[in-house]
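The next block holds one structure in the form of structure tokens; read it before the comments.
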Amino acid sequence: MSLLLFAKIAWAVGVVTWFVMRLPFQRKARRKAVADARHRNARDMTLLSISTLGLGIIPAIYALTGWPAGASYPLGALQVIAGVAVFAAALWLFWRTHRDLGQNWSVTLEIKDAHKLITNGVYARVRHPMYSAFFLWALAQALLLPNVVAGLAGLVGFGILFFFRVGREEAMMREAFGAEYDAYMARTKRIIPGLY
Ligand code: SAH
């Protein structure tokens, strides 16, 4: 097997593992009624589509067809090893965030019935560890796919979702949890412990 084929398969295995890992949490989270869905709007759906394009569709087209060929460059073994390690770290962090958030998790922005503010586990380190995990995934994609367009599509696509959503998510959480969320914000950063 060529190094390129191995790297593409490693990327695909990472994406499928993430998808399968999420299924039981999705089933459980769906059972919990939504109290406030005002933020689950066309804007949030558009951001989710952009993110899916960058983390899923564009890299899948590249992996299957090699398009856009002009943006490809030679791949090195160290880059592939780093990519596998970063994807493994992303999946581990996804697992932890789902376990900690439990039924309070949702794909779109919403507040559930009896929504609980989670500030323990990985949520004690940063306020948006699931978004940290998505950025790690996007970084792994950039390392595993030696194509400037397909590689960087994840960072751009998820970056757009993150920067256009995180402020609104925090405003929504402040509205729902008041002083409790203010205090949580005062002692934590967004996605990188101690930094940002
Ligand atoms: N931004 C978080 C959660 C992503 S899931 C992260 O990156 O880990 C998005 C949903 O999680 C939002 O609709 C919100 O209702 C919920 N949420 C976000 N932070 C939360 C927290 N600290 N405790 C409980 N629910 C939270």
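Read-outs: derived from the displayed coordinates by stated rules, not from any lab. The model shown is predicted, which means the values in this text are computed figures rather than measured ones. Because the Cβ atoms are built from the backbone with ideal geometry, glycine has one as well, and the counts that use them run over all protein chains shown.
Given the criterion farther than 25 Å from residue 149 by Cα and without any contact (Cβ under 8 Å) to a residue 40 or more places away in the chain, identify the matching residue among 92, 67. Give the steps one after another, and end with the answer.
Working: 67 fails: farther than 25 Å from residue 149 by Cα.
The match here is 92.
Name the residues in region 101-123 that are among the hydrophobic types (A, V, I, L, M, F, W, C) and over 17 Å from the mean Cα position of the chain (by Cα), would you?
Taking region 101-123 and keeping what is among the hydrophobic types (A, V, I, L, M, F, W, C), we get 101, 105, 107, 109, 111, 114, 117-118, 122.
Passing the criteria: 111, 114, 117, 118.
Consider region 86-114. How many of its residues are surrounded by 13 or more Cβ atoms within 10 Å (Cβ to Cβ), away from the ligand (no atom under 11 Å from the Cβ) and of a type in the set (Gly, Ala, Ser)?
3
For region 77-123, what are the residues that are among the aromatic types (Phe, Trp, Tyr) and under 14 Å from residue 133 (Cα atoms)?
Of all residues in region 77-123, those among the aromatic types (Phe, Trp, Tyr) come to 87, 92, 94-95, 105, 123.
Those that are among the aromatic types (Phe, Trp, Tyr) and under 14 Å from residue 133 (Cα atoms): 87, 92, 94, 95, 123.
If we keep just the residues of region 115-163 that are free of Cβ contacts under 8 Å to residues at least 60 places away in the same chain and of a type in the set (A, V, I, L, M), which is surrounded by the most Cβ atoms within 10 Å (Cβ to Cβ)?
So, considering only residues that are free of Cβ contacts under 8 Å to residues at least 60 places away in the same chain and of a type in the set (A, V, I, L, M), the one surrounded by the most Cβ atoms within 10 Å (Cβ to Cβ) is 133.
Looking at region 38-87 only, could you name the residues that are under 19 Å from residue 13 (Cα atoms) and not in a helix (DSSP H, G or I)?
66, 75
Would you tally the residues in region 181-191 being more than 10 Å from the ligand (Cβ to nearest atom) and either in contact with a strand residue (DSSP E or B) (Cβ under 7 Å, 6 or more places away or on another chain) or among the acidic types (Asp, Glu) (or both)?
2
Between a residue in region 26-38 that is over 20 Å from residue 94 (Cβ atoms) and any residue that is part of a loop (DSSP other than H, G, I, E, B), which pairs come within a Cβ distance under 6 Å, given they are 6 or more apart or on different chains?
Partner pairs satisfying both residue conditions: 33/113; 34/110; 35/113; 37/110.
For residue 57, are the conditions met, namely being surrounded by fewer than 18 Cβ atoms within 10 Å (Cβ to Cβ), without any contact (Cβ under 8 Å) to a residue 40 or more places away in the chain, hydrophobic (A, V, I, L, M, F, W, C) and more than 10 Å from the ligand (Cβ to nearest atom)? Let's see the steps before the verdict.
Numbers: surrounded by fewer than 18 Cβ atoms within 10 Å (Cβ to Cβ): yes; without any contact (Cβ under 8 Å) to a residue 40 or more places away in the chain: yes; hydrophobic (A, V, I, L, M, F, W, C): yes; more than 10 Å from the ligand (Cβ to nearest atom): yes.
Judged against the criteria, residue 57 is a match.
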